[in-house]
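J.: I am attaching a structure below and will ask some questions about it afterwards.
The values are calculated or read from the model by the stated rules, or taken from the named source; none is laboratory data. Just so it is clear, the structure is predicted and the values come from calculations on it, not from any experiment. Note that we place each Cβ from the backbone using ideal geometry, even for glycine, and neighbour counts take in every protein chain shown. Ligands, DNA and RNA are stripped out before the accessible areas are found, and what is left, the full protein with its side chains, is counted by its heavy atoms. Shrake-Rupley method; radii C 1.70, N 1.55, O 1.52, S 1.80 Å.
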Amino acid sequence: MGRPAAEEWLEERKRQLAGLPLTSMMALRALHMLDIYTEDVVGQLKAGDVRSAVLTARIALRYAVDALLASHGEFGESPKWFARRYLAADPTELSFDDWWALETMRSYDPEAPERWAEEVLTTCQRIASEISVAPGVTV
């Protein structure tokens, strides 16, 4: 006996999605936001607004990791399963332990908060430079 119509429909949708540059589109979307926030971090540090730079660096890190995970086929908006998605993607560009250290602000020093913001900025820029997207894909 053949497969039920719903199962066939689902398989066809999976084939259609597989043919789309979805991972590249999602990665580019996050990279665009990352660019905005990293630029803000640089400006805030130059202006001496270190506290704002730290907060903005946290946002930039999230977009960098969103782009990284998207480039590995893992995407989602909710932070609920973020660590699980990170482990599933297992990106070589940034290990889970290194990401977790940044995410939990392990190296943050209240006496020199700009160092943490600069560390995150450097990591974000490195991640962005290592993400590959399909040629010709735009968001």
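J.: How far is helix 5-18 tilted, in degrees, relative to the longest principal axis of the Cα atoms in the chain, given as a value from 0 to 90 rounded to the nearest 10?
T.: The angle comes out at about 40 degrees.
J.: With a probe of 1.4 Å, find how much accessible area the range 2-139 has per residue, and write the answer as a whole number in Å².
T.: Solvent-accessible surface per residue comes out at 61 Å².
J.: What do you get for the angle between helix 22-46 and the principal long axis of the chain? Use alpha-carbon atoms, 0 to 90 degrees, nearest ten.
T.: 10
J.: If you place +1 on the Cβ of every Lys and Arg and -1 on the Cβ of every Asp and Glu, how big does the dipole about the Cα centre of the chain come out, in debye to the nearest 20? The partial results should precede the final answer.
T.: Numbers: 15 positive and 22 negative charges, 78 e Å.
With only Lys, Arg, Asp and Glu charged at Cβ, the dipole is about 380 debye.
J.: Still on this structure, I have one more. Please report, to one decimal in angstroms, the Kirkwood hydrodynamic radius of the range 62-139 built from all distinct Cα-Cα pairs.
T.: On the way: mean 1/r = 0.0742 Å⁻¹.
Hydrodynamic radius (Kirkwood, Cα pairs) of the range 62-139 is 13.5 Å.
J.: Along the positive direction of the dipole of the range 55-139 (beta-carbon charges: Lys, Arg +1; Asp, Glu -1; about the Cα centre), which of S78, W100, P110 reaches farthest?
T.: S78
J.: Which angle between 0 and 90 degrees, to the nearest 10, do you get for helix 113-130 versus the longest principal axis of the chain when only C-alpha atoms count?
T.: 30
J.: Counting only protein heavy atoms and a 1.4 Å probe, tell me what percentage of the range 34-131's accessible area is made up of carbon and sulfur. Before the final figure, lay out the partial values.
T.: Working: 2690 of 5450 Å².
Here it works out to 49 percent.
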